[in-house]
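Each remark here refers to the structure printed beneath this line.
Just so it is clear, none of the values below were taken in a lab; they were calculated from the coordinates. This is a predicted model, so every value here is computed, not measured. Here Cβ is always computed from backbone atoms with ideal geometry, including for glycine, and neighbour counts include all displayed protein chains.
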Amino acid sequence: MFVNKITSEKQAGRETGGSIDLIWVNGENYFTLRQGGLLFGPWADQIPNSVLVNWSDPSFAYDMGYEVDFYESPWGTAQYQMIYDSAKHDESELPHSFAELMAWAQANPGRFTYAAPPAFMGTTMIKSALYELTGGYEQYADDDLTLEQFRTMSEPLYDYLSDLEPYLWNEGKTYPAEITELNRMFSDGEVDLTMTFSGAGISSDIQSGALPSTAKVYCMDTSIANTNYVAIPFNANAKAAAMVVANILLEPEQQAQHIALTGSGAGIDVNALDGWRADVINDVYDSLPAGTIVSREDAARTSAPDLGGNLVGYIETVWTERIGGA
Amino acid sequence: MSDRKTWIMLMPALLVIVAFFIAPLVYSFLLSLNFFSITSNTTVGFQAYASILGSKSFIDSLAFSLTIAAVSTVVSIAVAIVVSMALRRTFIGRKLALFVYQFNIPVPHLVVAISVLLLLSQTGLVSRMLFALGIISAPSDFPMIVFDQSGLGIIIAFVLKFFPFIGIAVLSLLLTTIDDYEMQAATLGAGPLRRFVYVLLPMMMPSILFSSILVFAYAFGSYEVPFLLGSTYPKALSILSYQEFTDIDLNSRPQALAIANMITLVVVAMVILAYMQLNAMNRMGVRKDGEA
């Protein structure tokens, strides 16, 4: 894990000539790297393609609630989606909100589960449920939020998860440790739903065979969305070259390739593009098979910001206390 | 051979052990005390140890890891003795049986764990066969062997790997040194049970003890098997350590290393106990090579 590598280099006092020049980060990694003083910056507003980025949008200016401060440059975006098998179910009969999920799970016991925190997908699903069940995300945007305050505010969420447990796979006695495990269970037919965070759908997963060819996605009514970035370590050997790469990653053709090949969403502001630049992006979105990507309108309607590092820690701690513990 | 020559010949091996074993242990200990911290929290001390010893999840994980390691070791010893005793006689297909017996040894634990997963999970081969035969009405009716909170799947995977390992050493003893003594006891009129309890078992003990330490230590610190086959809670100690180490908060690292050091401590304690027991056996006159 590159965070370990950079941390070791800092602990060894290696201030120049580091082995990594550019890293792909977001959220949790970004928090750790800033905490250890491990990034070079600010630099992201100085590259030419920075004008294509919508820095006034909080989902770009803040990475999981922390100020980006131009210490990293966007590459792609991602949004939480549910995956189902269109050969077995119709989208209309599946739950689109967590309230509906409770009713659906009671009618279909043992057919749903989620990856246990600290797995990223599990924590993200719980975060989405947190926003829906406790009245929105704004109340969690405060950096000074304490664990005690969180416990009180999140009670309805953990009551819900507790009530949901008996209807989950294996009656909630155990949860898959990673999303790969949940995907395997979905492909094997042990559960009916799994989840993903890719911003432009699952066509790449279907092509690689990780998901069945009839798999499709939809957004829950509250879907967490966030941006992923590239950053430069404090001791990078070729900082200028790294910035050039970051610039290239924001080029419309590169963004189009990224969308088509990895299922990531666009890091640049597609609505502000015109002419050939807009065409390149629109073409690639149009080329993805229907159902494997949610429409951009749906995505925008349901998206909710991915809030900060402390929140993730609190969610994991209280989940282990109330649900995952003995 | 002079003393100096002996030391020169030992040097390379000793250097490797110190460089790749002792030095990292010392460094890990220092890190657990929060030396070399790069965050704003730079207080050095035993607070990481105090924190984990007071944490319920650590105590539960410690108990869990100790239990599965102990159960795996004991079951493996029992199975190893039974199978090795059976393989002493010549019978049709013995060579094939011996080959199958040893087949597991070079197979990595990870592969055995995945095999257990593919065979015994609720969508595994055994479950699907029983479902196809109509013995169970749905795959989810198959008992939860893997991912069970008791760690049953983990124990099965460990036993499958460990019993041939212990068994081979026992079998080779049974076929050579012990055989002579058993013959003598038989000619002196001892029945099978007396021979087993008073001749075979004591002579197998040093070898069994040796392999058991290795087996216990491996099971106690193993990561990949509990990771693939374990449940959400309680987690094996190595998994707890890894999760703390990869926590987004760098301040969790001293705790991660404290847990890792506790694993080392337990294993070292087991080794010391085993050596004390071996020495006691030596003094009683039953030595490892079987010479009384």
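Given the stretch A:1-119, what whole percent of its Cα pairs are spread farther than 26 Å? Every Cα pair in the stretch A:1-119 considered, those over 26 Å come to 46 percent.
Per residue of A:29-39, other chain Cβ atoms within 10 Å of the residue Cβ number 3 on average. Per-residue Karplus couplings for the stretch A:248-265, computed as 6.51 cos²θ - 1.76 cosθ + 1.60 with θ equal to phi - 60°, are listed in order as 4, 4, 8, 5, x, 5, 5, 4, 4, 4, 4, 5, 5, 8, 10, x, 6, x Hz, Gly and Pro entered as x. Among residues other than B:Thr42 with Cβ under 14 Å from its Cβ, the summed charge is +2 (Lys and Arg +1, Asp and Glu -1). Here A:Gln207 and A:Ser295 are evaluated by their C-beta separation; at R0 = 25 Å the FRET efficiency comes out at 0.75. Extension gain for A:Lys88-A:Asp286 works out to 68.7 nm (0.36 nm per residue, less the C-alpha to C-alpha distance). Neighbour counting of Cβ atoms within 10 Å sorts the residues A:Glu148, A:Glu100, fewest neighbours leading, into A:Glu148, A:Glu100. Each label point was placed 7 Å from the Cα along the Cα-to-Cβ direction; for A:Trp55 and B:Ala19 their separation is 4.9 nm. Approximating the spin labels as points 7 Å out from Cα along Cα→Cβ, the B:Phe91-to-B:Ser28 distance works out to 4.4 nm.
Would you please give the FRET efficiency between B:Arg128 and A:Ala141, computed as 1/(1 + (r/R0)^6) with r the Cβ-Cβ distance and R0 = 45 Å, to the nearest 0.05? Calculated value: 0.40.
Site pair A:Ser162 and B:Tyr181 shows an inter-label distance of 6.0 nm when each label is modelled 7 Å from Cα along Cα→Cβ.
In terms of surrounding Cβ atoms within a 10 Å radius of their Cβ, B:Ser61, B:Ser76, B:Ser37, B:Ser28 rank from fewest to most as B:Ser28, B:Ser37, B:Ser61, B:Ser76.
Dimensions of chain A along the principal axes, based on C-alpha atoms and rounded to the nearest Å, stand at 57, 46, 33, largest first. Based on DSSP H segments of at least four residues, each scored -39500 (n - 2.57), the protein assembly as shown has a per-residue ellipticity at 222 nm of -16500 deg cm²/dmol. Close amide-amide hydrogen proximity is noted between A:Trp75 and A:Asn228, A:Tyr229, A:Val230, each under 5 Å apart and 5 or more residues distant or on a separate chain (H modeled in the peptide plane; Pro and chain starts excluded).
Span-like helix check, chain B: qualifying full DSSP H segments, with Cα axial length of 27 Å or more and mean Kyte-Doolittle of 1.6 or more, are B:56-86, B:152-175, B:201-221.
What FRET efficiency, computed as 1/(1 + (r/R0)^6) with R0 = 45 Å and r the Cβ-Cβ distance, is obtained for B:Asn279 and B:Ala190, rounded to the nearest 0.05? The value I calculate is 0.95. Comparing Cα centroids, the stretch B:124-139 and the stretch A:7-69 end up 52 angstrom apart.
Note that the stretch A:2-10 has calculated 3J(HN,Hα) couplings of 5, 4, 4, 4, 5, 4, 4, 5, 5 Hz, one per residue in order, obtained from phi through the Karplus relation 6.51 cos²θ - 1.76 cosθ + 1.60 (θ = phi - 60°); glycine and proline are x. Determine the sum of side-chain charges near A:Asn29: Lys and Arg each +1, Asp and Glu each -1, restricted to other residues whose C-beta is under 11 angstrom from that of A:Asn29. Charge balance near A:Asn29 sits at -2. Taking a sphere under 13 Å around the Cβ of A:Asp279 and counting the other residues whose Cβ falls inside, with K and R at +1 and D and E at -1, yields a net charge of -3. Shielding by partners for peptide A:172-180, expressed as the average number of C-beta atoms from other protein chains within 10 Å of each residue's C-beta, is 4.
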